[in-house]
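The values are calculated or read from the model by the stated rules, or taken from the named source; none is laboratory data. Keep in mind it's a predicted model, so treat the numbers as computed, not measured. Note: ideal-geometry Cβ built from the backbone for every residue, glycine included; neighbour counts use all protein chains shown. For accessibility, only protein heavy atoms count, side chains too; no ligands or nucleic acids. Shrake-Rupley method; radii C 1.70, N 1.55, O 1.52, S 1.80 Å.
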Amino acid sequence: MATTEECHSIQLIDGDGLFNDVGTDRLIKEIKLAECGLSYAVVAIMGPQSSGKSTLLNHLFCTNFREMDAFKGRSQTTKGIWMAKCAGIEPCTLVMDLEGTDGRERGEDDTAFEKQSALFALAVSDIVLINMWCHDIGREQAANKPLLKTVFQVMMRLFSPRKTTLMFVIRDKTRTPLENLEPVLREDIQKIWDSVHKPQAHKETPLSEFFNLEVVALSSYEEKEEQFKEQVANLRQRFFHSIAPGGLAGDRRGVVPASGFSFSAQQIWKVIKENKDLDLPAHKVMVATVRCEEIANEKYAGFTANESWCLLEEAVQSGPVAGFGKKLNSILYTSLTEYDAEATYFDEGVRSAKRKQLEEKLLQLVQPAHHAMLGHLRSGTLEKFKEAFDKALNGGDGFSVAARNCTEAYMALFDEGYADAVVELANWDSSKVRDKLRRDIDAHVASVRAAKLSELTSSYEAKLNEALSGPVEALLDGANNDTWPSIKKLLRRETESAVSGLSDALSGFDMDEKTKEKMLTSLEDHARGVVEAKAREEAGRALIRMKDRFSTLFSHDSDSMPRVWTGKEDIRAITKTARSASLKLLSVMAAIRLDDNADNIENTLTSALVDTKNNAAVTDRSITTFDPLASSTWEQVPPAKTLITPVQCKSLWRQFREANKRNNNWLPPPWAIVALIVLGFNEFMTLLRNPLYVGVIFVGFLIIKALWVQLDISGEFRNGALSGLLSLSTKFLPTVMNLLRKLAEEGQMPATNSSQTNQAVASKSFQNGSSTSNMSSSASSGITASENSPKKGE
């Protein structure tokens, strides 16, 4: 029978009982048996030695088993068990050629291998062909009877036998019709079945429970070859779709999936060789366990080497991957689907358990990548939130509105991203990552809120500093009765303005009234603190302010013009006025008066420092009286509001008096006079030898003195060196030109009056110069004199 399909055959078990696992695995790969699932069949043939078993198989299934050479006599041809793939038959069919029974090579008593091979054939085969001679039917001592006894006996060693089709092939059929031979054969088979010892559980079990019996007859191959081949060809057709319902093995059970056939056969033979009872259900579970685990390991290894997974894993380490969940789910489902396809025919319980283990291993493998993806998603969402939040705030949105809208939008964005990254097989809880994102967002909002509030507060505090510091300094510099009322008015106006602005700004922060009120109160306290700090600062410069106040009032008239001394001025009155103004400044700076509480500081200072009667009484050592300034606090003034204590006021006034005394002393110190005499001796002798120098120096002195008076140099420099230089630079040239013009006018007068006029001008200039210096001296001395001696008439 011709076929184009190549035959593959191996010795499955050799004559010594060794299983050829390597050859079996190679054959299964070559014929791609693992792809068949349950769609395959196994056929075995057994029978007496030299009964033509191999010849029948070669013609029936187009195999190439070794056949007996009739010319060499009858001897053992097949040793052990051989296996080959049937060519051209669907589904894939494996056929096993068993070593013949009753062979003289093994001896009469060595039936162990015969029973082992028979049990192996029944355990793994769906169809067993029993080759027998036609002339043995009905004979008590026929060659097939020991074989049938062996088959039925080993069948009892299977805890749960699979249903096997026994096809009796009657060889060298005679003229007796098959219809007459078959009943006799079935009767013989039933007798053998009844005679076999059975376990208690199968005492009454009919033969049909374990076997389907089929009987076919073939003509002699040697005598009627063509007829034999024709009959074999007809029989071959019955093996097509043999496992389909109604086929030869349509009701088989306990089939091992094709991918586990090699391992199953090897383990069955191992159990048989160890002479143990063969528990096929347990064996089926064992095979399923091993094969499903192998398949699971293969799929796991394939997943780890999968290029798509490797690229995805690498990409997610550096940043978020769009469609991460979809891509990962696809790779996971592909691996699990491949597992399901290969393990689908194995025991369901084992298959499901191993699938669960594979699934857990795969999820454990991909979990770090999923965590990395969520980390990128969380950090990316947080950065986008920060940008959007800043943009919303810069766009003028209220803080609370912007925070609420951005938080809702970007938490929803995270949820969308997580939905895109979800691994459908895993029941991982994303709430921790989501909660972490929410905490990060809330922390950022809180930090921005604190920064914004701090910025707002600082802004309004800076405005208050600018609005209060300069005006308060100016008001304290011009200290008078309206100074503190003006400062209070200024403080109230600026504070109300700042508090109103801050209150409006805080309305967008959605804060509770208590917190808002606290911030507004803090701003009010800051404004008050600015004023108090400025007052304390100015109080530290009280002595300088007093000196400046005295100097300004003494050297300027009521119109703030430089005073021109004519000799008719009331030096005592001018000095008293300047002194009173300095004392007024001291009393204003002595305490902070931002409340409506009245005090008696000015009267106390006046009575203690200016009133000459009191001064006289104090200086009279014979009389002891109370000094109102001998205290560290003022009456009706809290210590916290005190800028200059009574003792400090007394000390400042003493320093003020001493400074004026030093101004009255025009003479240099004694050491300076001695130094001038020693160092200027040569210059003095030069002047004595040249009297002309004295005249030149005297004229120069008069000119410089005139310029000093006209330019009011001391007054100009009172406001600072730079302002004094600028003022003098603008007045110097006009003043010089004015002097020259007056000299020119004097030169044009009659000669008779020239002498008198010059004497008058010189006298006047000298008088002005001397009177100016005398006025300053008199003013300074006036303070001392008026304080140390009573007025006339009093």
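Worth pointing out:
- Apart from one condition, T642 fits all of (1) in contact with a strand residue (DSSP E or B) (Cβ under 8 Å, 6 or more places away or on another chain); (2) modelled with pLDDT under 75; the exception is (2).
- Answer from Q748, Q756, Q710 - the residue that is modelled with pLDDT under 50, open to solvent by 60 Å² or more (accessible area, probe 1.4 Å) and not aliphatic (A, V, I, L, M): Q756
- Scan of the range 534-549 for residues that are within 22 Å of T645 (Cβ to Cβ), more than 60 Å from the chain's Cα centre (by Cα) and touching a residue at least 24 places away in the same chain (Cβ under 8 Å), ordered by number: L543, R545, M546, K547, R549
- Those helices (runs of 4 or more DSSP H) lying entirely in the range 543-635 with at least 1 residues surrounded by 16 or more Cβ atoms within 10 Å (Cβ to Cβ) and at pLDDT 80 or above: 571-589, 601-605
- In the range 419-433, the qualifying residues are those that are touching a residue at least 12 places away in the same chain (Cβ under 8 Å) and part of a helix (DSSP H, G or I), and the one that is least open to solvent (accessible area, probe 1.4 Å) is A421.
- Within the range 65-120, considering residues that are surrounded by fewer than 21 Cβ atoms within 10 Å (Cβ to Cβ) and modelled with pLDDT of 85 or more, the one nearest to F152 (Cα to Cα): G80
- Test: S458 is in contact (Cβ under 8 Å) with a residue 24 or more places away in the chain and under 39 Å from the mean Cα position of the chain (by Cα): no
- Conditions (1) without any contact (Cβ under 8 Å) to a residue 24 or more places away in the chain; (2) surrounded by 17 or more Cβ atoms within 10 Å (Cβ to Cβ); number of the one not met by S447: (2)
- Restricting attention to the range 23-41, the residues that are closer than 22 Å to L248 by Cα and either outside the structural domain of A87 (by the TED database) or open to solvent by 60 Å² or more (accessible area, probe 1.4 Å) (or both) add up to 0.
- Filtered by the rule that a residue be closer than 30 Å to E67 by Cα and either outside the structural domain of I130 (by the TED database) or open to solvent by 80 Å² or more (accessible area, probe 1.4 Å) (or both), the range 186-226 gives R186, E222, E223, K224, E226.
- The helices (runs of 4 or more DSSP H) falling completely within the range 256-328 that include 3 or more residues that are in contact (Cβ under 8 Å) with a residue 24 or more places away in the chain, open to solvent by less than 70 Å² (accessible area, probe 1.4 Å) and farther than 30 Å from S430 by Cα map to 261-273, 280-304.
- Residue ID - farthest from E226 (Cα to Cα), chosen from residues in the range 169-206 that are among the β-branched types (V, I, T) and outside any loop (DSSP other than H, G, I, E, B): I192
- Filter pass, R355 being of a type outside the set (A, V, I, L, M, F, W, C), in the same structural domain as G508 (by the TED database) and surrounded by fewer than 19 Cβ atoms within 10 Å (Cβ to Cβ): no
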